[in-house]
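These notes concern the structure reproduced below.
The values are calculated or read from the model by the stated rules, or taken from the named source; none is laboratory data. Everything numeric here is computed off the predicted structure, so don't read it as measured data. Ideal geometry is used to build each Cβ from the backbone, glycine not excepted, and the neighbour counts take in all protein chains shown.
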Amino acid sequence: MPGQVKVEGVVLRSLRFGEADRILHLYTEHRGRVGAIAKGVRRSRSRFGGRLEPFTRVSLVLHEGRSDLLTVTAADTIAPHRRLRESAASLDAAARACDAVARLFETADPHPPVYHLLCHELALLDADPAAATRANQLAFRLKLLLAGGFAPHLAACASCGEPAHLSGFSGAEGGVVCEGCEGETGAFPLAEEAHVFMSEALGRPLRETPQASELALRQAERAIGETAEHHAHVRLRAATP
């Protein structure tokens, strides 16, 4: 039924539309991915001001009509994340976090844990520019996969269940594999450091993301990417070098 709905969400992306409007891509707590139009937002006297900028956490009143796009009728800022915009690294990390959410969770199905994870990541980047590392981006993506039910299997061989001699990673199998299964599963070599990084990144809070060498991070990123492609059918953007 057409009418007014109130949502809390994060502005993932904003696109110019017409002379003064913007199309917003939002990720909301209880309605998943939402598309909306903010009419007149680009005018200097717009009642929305800067409340609908990307990476802002907002409370919105939307009009739901017959169009796929809802119309923004009111907006209040919950967290503007202003400090985040003062750091190029934090801004880039925020954009990649929002892009990962948009790609992995593109439907209207609600995933409150995903929403709160995104809010936590943006708050962390806003509070501490030093948090905008490649390791942090990969830890965030691992937690996204976990929230979506796609987390890689890391405790034992994803093919035969062997708990030891884990030397490779297979995206098709969805996790680490042992020496005996490595050749049969199309796996690539995975160093112990990369394995440990992924395990610890899943178990620790984002603010305690473990560090690792560049080689380990490259292997972890490949594992995350192949897991997303094989099981969520999504290709993620490369993390910041």
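The table below gives the values:
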item: Residue in segment 88-108 that is assigned to a strand (DSSP E or B) and more than 14 Å from the chain's Cα centre (by Cα) present; result: no
item: Condition met for E229 (in contact (Cβ under 8 Å) with a residue 12 or more places away in the chain and either buried (at least 21 other Cβ atoms within 10 Å of the Cβ) or not in a loop (DSSP other than H, G, I, E, B) (or both)); result: yes
item: Odd one out for D109 among (1) surrounded by 19 or more Cβ atoms within 10 Å (Cβ to Cβ); (2) modelled with pLDDT under 95; result: (1)
item: Considering residues of segment 16-34 that are assigned to a loop (DSSP other than H, G, I, E, B) and under 13 Å from K6 (Cα atoms) only, the residue nearest to the chain's Cα centre (by Cα); result: E29
item: Subset of segment 204-226 (residues that are in a loop (DSSP other than H, G, I, E, B) and under 23 Å from V101 (Cβ atoms)); result: R204, P205, T209, P210
item: Whichever residue in segment 192-208 is touching a strand residue (DSSP E or B) at 6+ places or on another chain (Cβ under 9 Å) and surrounded by 16 or more Cβ atoms within 10 Å (Cβ to Cβ) and, among such residues, is nearest to H116 (Cα to Cα); result: M198
item: Per-region count, segment 53-74, residues among the aliphatic types (A, V, I, L, M), surrounded by fewer than 22 Cβ atoms within 10 Å (Cβ to Cβ) and not in a loop (DSSP other than H, G, I, E, B); result: 2
item: Verdict on P152 being surrounded by 14 or more Cβ atoms within 10 Å (Cβ to Cβ), under 23 Å from V101 (Cβ atoms) and touching a strand residue (DSSP E or B) at 6+ places or on another chain (Cβ under 6 Å); result: yes
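For (1) closer than 14 Å to V11 by Cβ; (2) in contact (Cβ under 8 Å) with a residue 60 or more places away in the chain, each residue gets a yes or a no:
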position: K39; (1), (2): no, no
position: L60; (1), (2): yes, no
position: V72; (1), (2): yes, no
position: R96; (1), (2): no, yes
position: D99; (1), (2): yes, yes
position: T107; (1), (2): no, yes
position: P112; (1), (2): no, yes
position: A132; (1), (2): no, yes
